[in-house]
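Enquirer: First, the structure itself, so that you have it in front of you.
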Amino acid sequence: MRLFAVLLFLLSVDAPGGEGDPPGTVSLDLEAGESKPLQAESGASVVCDDPHVVAPEFTADGNGLLLHALEPGSSLCGVWLPGEKPGGLYRVKVRARTGEPKPAPAPASASAGAGAVKDGGT
């Protein structure tokens with residue numbers, strides 16, 4: 001019985017990097033700042049679960065859709081066709097720009113008083 005419980009647990013754990021996405025999910029790897037066009041019919045829309053990582057946008061002519069990578073991370077984006085029909089899922093993994101320096105952390109003295117707000121009367 002114990003062996004059965006261990007096997008059941010191991011089967012229920014997602015493989016690393018799999019993120020438990022539904023079958024048929026398309027994987028896209030983008031660099032921050034990069035955009036990728038999507039195949040979607042006119043009138044389709046895109047919804048992403050993390051708007052800080054990737055943003056859906058219209059193409060320059062307004063007739064297509066693309067995904068624009070904003071910052072490193074991962075987001076699941078779904079295409080919705082007219083009539084609220086699902087049109088596909090995309091797992092978008094955004095990596096940092098190569099060669100881009102990381103921002104320096106703020107000095108401790110600058111952030112120490114940043115949260116204090118005076119009400120004017122005290």
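The values are calculated or read from the model by the stated rules, or taken from the named source; none is laboratory data. Note that the structure is a prediction, hence the values are computed from the model and not measured. Reconstructed Cβ throughout: ideal geometry from the backbone, glycine too, with neighbour counts over all protein chains shown.
Enquirer: Looking at ALA69, is it under 29 Å from THR98 (Cβ atoms) and at pLDDT below 95?
Expert: It is false that ALA69 is under 29 Å from THR98 (Cβ atoms) and at pLDDT below 95.
Enquirer: Every residue in the range 35-58 that is surrounded by 14 or more Cβ atoms within 10 Å (Cβ to Cβ) and farther than 15 Å from LEU70 by Cα, please.
Expert: If the condition is that a residue be surrounded by 14 or more Cβ atoms within 10 Å (Cβ to Cβ) and farther than 15 Å from LEU70 by Cα, then LEU38, ALA40, ALA44, SER45, VAL46 are the ones that fit.
Enquirer: Also: Hey, can you tell me all the residues within the range 17-68 that are in contact with a Pro (Cβ under 9 Å, 6 or more places away or on another chain) and part of a loop (DSSP other than H, G, I, E, B)?
Expert: ALA32, GLU41, SER42, GLY43, ALA44, VAL53, THR59, GLY64, listed by residue number.
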